[in-house]
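Peer 1: My questions will all concern the structure given below.
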Amino acid sequence: MRYYEADQQGVVFNAWYLAWFDEAFTNFLRYKGLSISELVNHGIDFQLVHSEIDWISGVRFGEDVSIAVEPGRMGTTSFDVHYTVLRDDVATCRRQPMTD
């Protein structure tokens with residue numbers, strides 16, 4: 001958690017979580033041997049169309065967190081990705097797609 005990501009209460013401002021998830025997804029692809037630019041060059045592109053975040057507890061300035069990225073549903077024209085922010089292996093928030 002970086003200083004500029006904190007709100008006046010000293011916790012991560014909620015909009016930063018989506019930025020963290022975007023960065024985590026890029027790193028997830030890299031870990032799997034893929035890059036966004038290579039995917040785009042092959043005609044594969046994607047965009048965020050829906051997101052919900054369930055907060056469990058706030059992340060405070062100076063705390064270290066990790067973000068777990070898990071693939072979810074895979075469709076023919078869309079896919080879901082699940083994210084969990086972890087502090088000391090305890091979830092502080094989750095982003096999971098809405099289920100039908």
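The values are calculated or read from the model by the stated rules, or taken from the named source; none is laboratory data. Note that this is a predicted model, so its numbers are computed, not measured. Cβ coordinates were reconstructed from backbone atoms using ideal geometry, including for glycine residues, and neighbour counts include every protein chain displayed. Heavy atoms of the whole protein, side chains included, go into the accessibility calculation; ligands, DNA and RNA do not. Shrake-Rupley method; radii C 1.70, N 1.55, O 1.52, S 1.80 Å.
Peer 1: Only loop residues by DSSP count here, and only those with at most 12 other Cβ atoms within 10 Å; note down the GluC sites (Glu not before Pro) in region 30-75 that meet that.
Peer 2: GLU52
Peer 1: Please give the FRET efficiency for TYR3 paired with VAL90, using the beta carbon to beta carbon distance and R0 = 22 Å, rounded to the nearest 0.05.
Peer 2: Calculated transfer efficiency: 0.45.
Peer 1: At a Förster radius of 25 Å, what calculated FRET efficiency corresponds to the Cβ-Cβ distance of ASP80 and ASN41, to the nearest 0.05?
Peer 2: Between ASP80 and ASN41 the formula returns 0.55.
Peer 1: To the nearest 10 degrees, how steep is helix 15-31 against the longest Cα principal axis of the chain, on a 0 to 90 scale?
Peer 2: Orientation of helix 15-31: about 50 degrees from the principal axis.
Peer 1: In the chain, what chymotrypsin sites (Phe, Trp or Tyr not before Pro) fall in a loop by DSSP, with at most 16 other Cβ atoms inside 10 Å?
Peer 2: Taking the chain and a limit of 16 other Cβ atoms within 10 Å, the loop chymotrypsin sites (Phe, Trp or Tyr not before Pro) found are PHE13, PHE46, PHE61.
Peer 1: Next question, about the same structure. Dipole of the chain, Cα-centred, from +1 at each Lys and Arg C-beta and -1 at each Asp and Glu C-beta, to the nearest 20 debye?
Peer 2: In total the dipole reaches around 100 debye.
Peer 1: Once the whole set of protein chains is in place, how much accessible area is left on ASP88, using a 1.4 Å probe, in Å² to the nearest 10?
Peer 2: Counting only protein heavy atoms, the figure is 130 Å².
Peer 1: A further question on this structure: With θ taken as phi - 60° and the coefficients 6.51, -1.76 and 1.60, list the Karplus ³J(HN,Hα) couplings across region 36-45 in order, rounded to whole Hz; mark glycine and proline as x.
Peer 2: Rounded to whole hertz, the list is 4, 5, 5, 4, 4, 4, 9, x, 9, 9.
Peer 1: Mind sorting out which of (i) 22, 19, 12; (ii) 26, 21, 7; (iii) 26, 15, 12 is the real semi-axes √(5λ) of the Cα gyration tensor in Å computed from the coordinates?
Peer 2: (iii)
Peer 1: Now, a different point. Report the accessible area of SER66, computed with a 1.4 Å probe over the heavy atoms of all protein chains in place, in Å² rounded to the nearest 10.
Peer 2: We get 60 Å² for SER66.
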